[in-house]
There are 2 protein chains.
Amino acid sequence: MALAVVVCWSALFSINSVASDTPNLVISHTDVPAMKKALSSKGRFTEAFEQVKAKVDSQITQAINIPVPKDSGGGFTHERHKKNYRLMYDASIVYQLTQNKRYADYVRDMLLSYAELYPTLPLHPKRKKGKTNPGKLFWQSLNEAVWLVYTSQAYDMILASLTHADKKKIETGLFRPIVKFLSVDSPKTFNKIHNHGTWLTAAVGMTGYVLGELEWVEQALYGLDKSGKGGFLRQLDELFSPEGYYNEGPYYQRYALMPFVTFAKAIENNQPERKIFAYRNGIILKAIDTTIQLSYNKLFFPINDAIKSKGIDTIELVHGVTIAYGFTQDTDLLDIAKQQEQVILTGDGLKVAQALDDNLATPYPFKSKAFGDGADGKQGALVIMRQKSHDKQALLFKPAAQGLGHGHFDKLTWQFYDKGNEIVSDYGAARFLNVEAKSGGGYLPENKTFAKQTVAHNTVVVDETSHFKGKVKTGNKHHPELLFFANNNQGSISSAQIDTAYKDVSLTRTMALVKLPEIHKPLVIDIFAVNSSEKAHQFDLPLHYQGQLIETNFQLNAQTQSLSALGSKNGYQHLWLTAKSLPEKGLAKITWLNENGKFYTQTSLVDGETEALFTRIGANDPNFNLRNESGFIYRKKSAKQHRFISVLEPHGQYNPAKEFTLAAKSSISSLTHQILGDIELIEIGVSNGQSYLFAFNRQLANKTKNTFTYQDNNFSFNGQFKLFKLSNKEK
Amino acid sequence: MALAVVVCWSALFSINSVASDTPNLVISHTDVPAMKKALSSKGRFTEAFEQVKAKVDSQITQAINIPVPKDSGGGFTHERHKKNYRLMYDASIVYQLTQNKRYADYVRDMLLSYAELYPTLPLHPKRKKGKTNPGKLFWQSLNEAVWLVYTSQAYDMILASLTHADKKKIETGLFRPIVKFLSVDSPKTFNKIHNHGTWLTAAVGMTGYVLGELEWVEQALYGLDKSGKGGFLRQLDELFSPEGYYNEGPYYQRYALMPFVTFAKAIENNQPERKIFAYRNGIILKAIDTTIQLSYNKLFFPINDAIKSKGIDTIELVHGVTIAYGFTQDTDLLDIAKQQEQVILTGDGLKVAQALDDNLATPYPFKSKAFGDGADGKQGALVIMRQKSHDKQALLFKPAAQGLGHGHFDKLTWQFYDKGNEIVSDYGAARFLNVEAKSGGGYLPENKTFAKQTVAHNTVVVDETSHFKGKVKTGNKHHPELLFFANNNQGSISSAQIDTAYKDVSLTRTMALVKLPEIHKPLVIDIFAVNSSEKAHQFDLPLHYQGQLIETNFQLNAQTQSLSALGSKNGYQHLWLTAKSLPEKGLAKITWLNENGKFYTQTSLVDGETEALFTRIGANDPNFNLRNESGFIYRKKSAKQHRFISVLEPHGQYNPAKEFTLAAKSSISSLTHQILGDIELIEIGVSNGQSYLFAFNRQLANKTKNTFTYQDNNFSFNGQFKLFKLSNKEK
């Protein structure tokens, strides 16, 4: 067997003529001369190189440490093996740029040690029993594949420095067994249309290029059986929508992005004839761009199982933007690269660094857009609406599909952002990443019992039961329908519907982010219609807000002496009921103050029979795992139909440092709602006596002209919606 | 009467020869040529001028609005009159620097309108009945004096442009009546040794200089009767300690500073022979410097009734630093000026701007220091300990005096800061400044029922009763004794005692902020000894922390189904009891994660009979006025003596963005405590097996050499304390 391997490898060696053509994965040998030359002058690239070199220099004096795998995520052996691949990768780049053999030898020695250890390893002791994704160096094969994506590049970069004997040892002891383990020995994960599958195929395909095993590349691209049912290309077909949206959401999208862009760059360098960046109308570049679009104030919108501190400066997106710029030379991307403040030591990294040094960046255009979900782009959508005002409002509306196992039961939920901050928020994931004391650093039990549940989001809960009864399988089978999305110079509107979240209840929500004419006051308009085809139900519409309650225009009835949990299951058991009110018929107002120094008032049109329940997260939380955030729930107790109508209004300024407070009161004095055939109307009165009329066509947008009569006046508009100032002139 | 005024004014006019010598308050006519000249080149001063001019230009096109006073703080007429004085002040400076008469005319017109309105005004309708400090333009005379401090300067700056007739109208209608109102008609406030008194004396004295009424200046300096029992100089004698500490704390110190520095500068310009900046060993400059010292990460330490967002960039301290730099040319101050990012359009402001343009700033030296409290500096102290490590730890220890009406019942409390954030925190004031819906923008009821109470702080509460039974008068009569403060290259230590907070209980606390030798790990050591001379009591030691609980090394017993208030009065009614534990004898550990990404573990030496109660602020809060922050209380139920001993340890790093977590576990494995005569010892074992011995002399520092025997080894040290590494070498 050992002999056969040697023969095979020798045979391929000449075919691939590795010695003269390395490196050739993400960094091509053709990039290296310019990279070396750049180091002779100052600039971002040289700075980045010096930082990496200093880090490598400080570490390679220490003894090589290849511990026998023992710990799961966050534990010593786990972190050490991660550190080792980064170190080998960095040292190998320093070798390419300095040609100082000391660095290559260090990588070689570490690889030789791994080559001795790897064949002796059983499955990892901390693997999850019963799962098909165990690793050897790590508790899951995902981490093993990540390790190999970097290590194959490190090997590629020192290859020219190695003796035949060392190459043989390293390939026989390490690369061939690990590729075998991740491919033929892990068929289910390797063939899976899922980000774990992407990492595995990328790792195997890249190693295939380095070792000249083009068969591995074929398997990586088309699946183990090369049928095209699995593999990298199928993943590109299915994991992204035509707009480049990844259905687990941006948190996982940026993570998934890494193997896509890395392997794609390696394919481009090795087999440009595959035109991988043009594949499916440039889906890889679209995916990179969409990841950027799905951020606000540098952070990703935290839908599904997202940790909120992740943003556009994550290393995955740094690689993505770098590779995309290398391919497109699109100077808008430099705006993002600038904010990432990281320069990658590759050929594309050099292009980015030099372009930034030359101040070529142009403002990146954040857009209002509906990102279709699903491989065909028709399984609902994730809708982003933005206002380009000074404070940069953004509204996320989520009639998107379930998003697999990390998806939340939050159909038609929304989030709102203003002046850099979350205002109407989503809990994100309940997790302290890699903190051993918190459920080993993985997802906390409360992720399932609270964070994924419908009541943890800003959408209707029927009978205190989550969408799809909280079942992922059911959720994956269904999705909302995007009825329409439109935008014009007044703002954006979107409407969506789902009738499968509950057996006999359909949910239809229309949201708009608009500015009142002339006074340019931004408002969020929200109309949530709930219809039961059979019996009466309880309808809850929660809103989770960030800030401190300032006032309500109705009696709060706060629980002052004791608190109890609001319910017993489906997330309700984690909410303390802090106040219970019954606002009178008319306008109910709730005002809070965000730490960005602005006030926010939600004005709701209530029927006098809808309760306002105030909540605080933290009940049934024996280990204090949850953040104790605030919210309120409008509850219609028993009805077959109901329509929740509200307007969210940012206003004023609280500046205790400079000692002034402006416009702490909401200016909305009246709200009325009316339906006239296809046209739906909201009239908004403001405190100076002026009124505005928001009109939209409820049907899919076909008509170019809409006309209607309101209060004996004729109105007309083109397109989906218009905001009228109700004055003599308009009437 | 009117005639008499004219005569008087005409007579003085020639004496003071105003026409040629104006302006001459904060800005002197001798400053103006250089200021004008500076505008011909770029730089900070020109930028600041252009901003002010643009603001003025946009406002003076609008109609002058002098509303009849109606509203209290935050209301329209209140804010409008504030806006007017700023506008007059700014416009008058633009006039000086451009000599464009349009600006002077605008100020003149506004002053003429005020001169018509003022004589017609009764006391303000929103004044607090029964108080001796009503205003006319504003609800309290304090605001009226502030208005006059600015407006007198504006008048001074346009004086040369006015006709005799206009001067007469303005002085007769406005300045003479307002000065009369604030001085002879408000004798109690004018003569008060208090910051309201400072504003009134400054306003009257400055107006005296402008109108040539040197008698007013005398009254401002020495009190209405010129006896020296009241007035500005007496205020300088009594309101600051010899170290320049103002006994209400930094939040009110920066506020109080403004009239001191402004009037002082006016005195210096008009009567340099008074040598006001040398008065009482340069107390004004010391007060400015101490205000800076009492900040962390640009924000003031929030003791007493403080709003936390106030910091070194407040306009009062901008003026203070500017005037101090003008007088001293101390380049350390430029470091602060740079962070303030504001340039004042005065002669001193020009010096600061040019020095910053020339990059003359040198690092401002934040110190570890005990700031003596009280006019004699012996009424306790406010102690600041700092570590100049990368993360810049700071510990505030507060054996300070009560601090009058805004003082809190928090003797011997502490706060801790690290990496820019509050870690062990103080609630500060319960107030939403100028937010009408929150108790009219004034102090909330919860400021008294919670924020001022002892349990809202990090110090011992006996029998659930606040210090001095929560009575300000009692508190003002007593103060803690500072036993010692010392620092060396290992860190700082301080000890203090008070036996008047409770009838029969004395409280003695020793705190140290030190770094373990060789490993340079920072620690806070806290030894709190409580002694009852009569009967047994319940002793509670709360700690309010900022962050999320990560783990405890004992059973939490969280309240999962319902929460109740911890007590019924003295602040306890505002605390929800979230968990109740009884840690076993030995070490009790509580770890939390701050949003700065670091972990903090408090390790306490417990006797197995001390409960750990976990709390969350927010009970009995019908209007949701309180922030829902977390804390824990160690409770010794019934004892005559007790000693709370603990060590706070910052450790590790949580970085979910970069996906790594380091040292999430505390490294302290043992703590022992021992007293050997005057020497007190804490032995600290860390998880690598190493031990450290912290030794200090409990007595007032006199000895230069201390010797003791511990575990059969002899030790010696000089000064107050030393941290020994317990190894063969040290033994």
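Under 1.5 on a/c is rounded, so check that first for the protein assembly as shown, then, if it is not, pick prolate when a/b is larger than b/c and oblate when it is not; a ≥ b ≥ c are the square roots of the alpha carbon gyration tensor eigenvalues.
Prolate, because a/c is 1.5 or more and a/b exceeds b/c.
For a quick check: with amide H placed at 1.01 Å from N, whose amide H comes under 5 Å from B:His537's, ignoring anything fewer than 5 positions away on the same chain?
B:Ala639, B:Lys640
Need the per-residue list for segment B:628-662: every residue with at least 50 Å² less accessible surface in the complex of protein chains than in the chain by itself, probe 1.4 Å, sorted by number.
Buried by 50 Å² or more upon assembly, which counts only protein chains, are B:Tyr654, B:Pro656, B:Ala657, B:Lys658, B:Glu659, B:Thr661.
Given labels modelled 7 Å from the Cα in the Cβ direction, how far is it in nm from B:Asn655 to B:Lys229?
Spacing of the two 7 Å Cα→Cβ label points: 6.6 nm.
So what J values fall out for segment B:457-465 if you push phi through Karplus, 6.51 cos²θ - 1.76 cosθ + 1.60 with θ = phi - 60°, rounded to Hz, Gly and Pro as x?
Ordered by residue, 3J(HN,Hα) equals 10, 10, 8, 6, 10, 9, 6, 6, 10 Hz.
Cα-Cα over 21 Å: which of A:Lys367/A:Lys477; B:Lys469/B:Lys569; A:Lys70/A:Lys188; B:Lys411/B:Lys598; A:Lys129/A:Lys411; A:Lys473/A:Lys503?
Over 21 Å Cα-Cα: A:Lys367/A:Lys477; A:Lys70/A:Lys188; B:Lys411/B:Lys598; A:Lys129/A:Lys411.
Enumerate the amide H contacts of B:Phe724 below 5 Å, restricted to partners 5 or more residues apart or on another chain; note that Pro and chain-start residues carry no placed amide H.
B:Leu693, B:Phe694, B:Ala695
So if I average 1/r over every pair of distinct C-alpha atoms in chain A and take the inverse, what Kirkwood radius in Å does that give?
27.8
Hand me the trypsin sites (Lys or Arg not before Pro) from segment B:252-286 located in a DSSP loop with no more than 11 other Cβ atoms within 10 Å, in residue order please.
Taking segment B:252-286 and a limit of 11 other Cβ atoms within 10 Å, the loop trypsin sites (Lys or Arg not before Pro) found are B:Lys275.
Tell me the distances, shortest first, between A:Glu79 and the same position across the other copies, using label points 7 Å along Cα→Cβ, in nm to one decimal.
5.0
Under the Kirkwood approximation applied to all pairs of distinct alpha-carbon atoms, what is the hydrodynamic radius of segment A:32-180 in Å?
With all distinct Cα pairs of segment A:32-180 included, I get 16.2 Å.
From the label point of B:Lys36, set 7 Å along Cα to the beta carbon, how far off in nm is each other copy's matching point, shortest first?
B:Lys36 label point versus its equivalents elsewhere: 6.6 nm.
Under the rule of -39500 (n - 2.57) per DSSP H run of 4 or more residues, summed and divided by the residues of the protein assembly as shown, what mean residue ellipticity at 222 nm is obtained, to the nearest 500 deg cm²/dmol?
Result for the protein assembly as shown, helices only: -9500 deg cm²/dmol.
Would you mind calculating the relative contact order of segment A:32-180 from Cα pairs under 8 angstrom and at least 6 residues apart, reporting the percent as a whole number?
It rounds to 25 percent for segment A:32-180.
Any aspartates and glutamates with Cα under 17 Å of the B:Lys275 Cα? List them, leaving off those in the same chain fewer than 8 positions away.
Once the sequence-local aspartates and glutamates are set aside, what remains near B:Lys275 is B:Glu218, B:Asp237.
About the Cα centre of the protein assembly as shown, what is the dipole size in debye to 20, counting +1 per Lys and Arg Cβ and -1 per Asp and Glu Cβ, all else neutral?
Dipole size: approximately 1380 debye.
How high is the FRET efficiency between B:Ser691 and A:Asp332 when r is their beta carbon distance and R₀ equals 51 Å, given to the nearest 0.05?
0.30
Quote the FRET efficiency, to the nearest 0.05, computed for B:Ala63 versus A:Ser41 with a Förster distance R0 of 35 Å and r equal to the Cβ-Cβ distance.
Once the sixth-power term is evaluated, E becomes 0.05.
Taking only the alpha carbons of segment A:509-633, what extent do you get along each of the three principal axes, in Å, biggest first?
So the three principal-axis extents are 52, 45, 26 Å.
Is the shape of segment A:624-685 rounded, prolate or oblate, going by the alpha carbon gyration tensor and its root eigenvalues a ≥ b ≥ c, with a/c under 1.5 for rounded and a/b larger than b/c for prolate?
oblate
Could you tally the net charge around A:Gly197, taking each other residue with its Cβ under 12 Å from the Cβ of A:Gly197, Lys/Arg +1 and Asp/Glu -1?
That works out to +3.
Using Cα centres only, tell me the gap between segment A:47-67 and segment A:366-406 in whole Å.
42
Which is farthest toward the positive dipole end of segment B:369-725 among B:Gly420, B:Gly441, B:Thr615, measuring Cα position about the Cα centre, with Cβ charges +1 (Lys, Arg) and -1 (Asp, Glu)?
So the residue furthest toward the plus end is B:Gly441.
For A:Tyr296, enumerate residues with amide H under 5 Å from its amide H, sequence gap 5+ or separate chain, H modeled in the peptide plane.
A:Phe301
Going out from 0 in 5 Å bins, what whole percent of all Cα-Cα distances in segment A:308-416 drops into each bin?
2, 11, 16, 16, 16, 16, 13, 7, 2, 0
Taking 7 Å along the Cα-to-C-beta vector as the label spot, tell me the B:Thr30-A:Asp504 distance in nanometres, rounded to one decimal.
9.2
Find every distance from the label point of B:Ala375 to the corresponding label point in the other copies (7 Å from Cα along Cα→Cβ) and write them in nm, one decimal, shortest first.
In ascending order, 8.6 nm.
Work out the length of the dipole vector of chain B about its Cα centre, built from +1 on the beta-carbon of each Lys and Arg and -1 on the beta-carbon of each Asp and Glu, and round it to the nearest 20 debye.
780
Hey, what do the phi angles of segment A:672-681 turn into as Karplus ³J(HN,Hα) couplings, whole Hz, using 6.51/-1.76/1.60 and θ = phi - 60°, x for Gly and Pro?
Here the 3J(HN,Hα) series is 9, 10, 8, 10, 10, x, 7, 9, 10, 10 Hz.
What is the minimum Cβ-to-axis distance for chain A, in whole Å, where the axis maps A onto B, and to which residue does it belong?
Closest to the axis: A:Leu563, 2.
Using θ = phi - 60° and the Karplus relation 6.51 cos²θ - 1.76 cosθ + 1.60, list the HN-Hα couplings for segment A:485-493 in order, rounded to whole Hz, with x at every Gly or Pro.
Each residue's phi maps through the Karplus curve to give 9, 8, 8, 8, 6, 8, x, 9, 9 Hz.
Rolling a 1.4 angstrom probe over the protein heavy atoms, how many square angstrom per residue are accessible across the protein assembly as shown?
Per-residue accessible area for the protein assembly as shown comes out at 37 Å².
For the residue pair B:Asn557 and B:Lys725, what label-to-label distance in nm results when each label sits 7 Å from Cα along the Cα-to-beta-carbon direction?
Here the answer is 4.2 nm between the modelled labels.
The values are calculated or read from the model by the stated rules, or taken from the named source; none is laboratory data. What you see is a predicted model; the values in this text were computed from it and never measured. Counting neighbours? That spans all protein chains shown, and the Cβs are built from the backbone with ideal geometry, glycine included. SASA here: full protein model, heavy atoms, side chains in, ligands and nucleic acids out. Shrake-Rupley method; radii C 1.70, N 1.55, O 1.52, S 1.80 Å.
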